[in-house]
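The values are calculated or read from the model by the stated rules, or taken from the named source; none is laboratory data. The structure presented is a predicted model; accordingly, all values stated were derived computationally and were not measured. For neighbour counting, all protein chains shown are included, and Cβ atoms are generated from backbone atoms with ideal geometry for every residue, glycine included.
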Amino acid sequence: MSKSKQSTILVVEDDPTLLEFLVDTLKAQDFLVLAAASGNQAWQMIQTSAIDLLVTDSAMPDGNGFQLIRQIEQSGRAMPVLVLSGYLSLDEKSAKKRGATAYLRKPATPSELVSAVKSLIGSHAA
């Protein structure tokens, strides 16, 4: 990467295999990637780290990505949020209505993930 600041992405996913895939895919693009296996763990990291983008699962054992979005908004923080979901009942329109900046259906391909992330990081930095 050039001398510009490396973007920090927090990935929240309770499936360890998928979490590893997401983290590895984004690290290969030279992003600084933090990983959390739950909403509670993610919230702790958000409070102590400068996060440029949140990539979160829509459903986790300790809540969901939309609850995490609400916590972020209520705390006065702002960051783009990419919500990932395998639920057919959740679509992009309803995800955005609930606070997501962008949405991808699981399983997303590496190119879909990278494209969405670069778009969100670019628009947020502008």
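Structural remarks
- Single residue of the range 95-122 satisfying the filter (of a type in the set (A, V, I, L, M) and assigned to a loop (DSSP other than H, G, I, E, B)) that is farthest from Phe31 (Cα to Cα): Ala100
- For the range 68-84, a residue qualifies if it is closer than 11 Å to Thr101 by Cβ and surrounded by 14 or more Cβ atoms within 10 Å (Cβ to Cβ), and the qualifying residues are Ile69, Met79, Pro80, Val81, Leu82, Val83.
- Ser58 vs. criteria within 13 Å of the chain's Cα centre (by Cα), of a type in the set (Ser, Thr, Tyr) and either surrounded by fewer than 17 Cβ atoms within 10 Å (Cβ to Cβ) or over 19 Å from Ser123 (Cα atoms) (or both): yes
To keep it simple, each residue is scored yes or no on (1) of a type outside the set (Lys, Arg); (2) touching a helix residue (DSSP H, G or I) at 6+ places or on another chain (Cβ under 8 Å); (3) modelled with pLDDT under 95.
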site	(1), (2), (3)
Ile46	yes, yes, no
Leu53	yes, yes, no
Ser89	yes, no, yes
Glu92	yes, no, yes
Lys97	no, no, yes
Ser111	yes, no, no
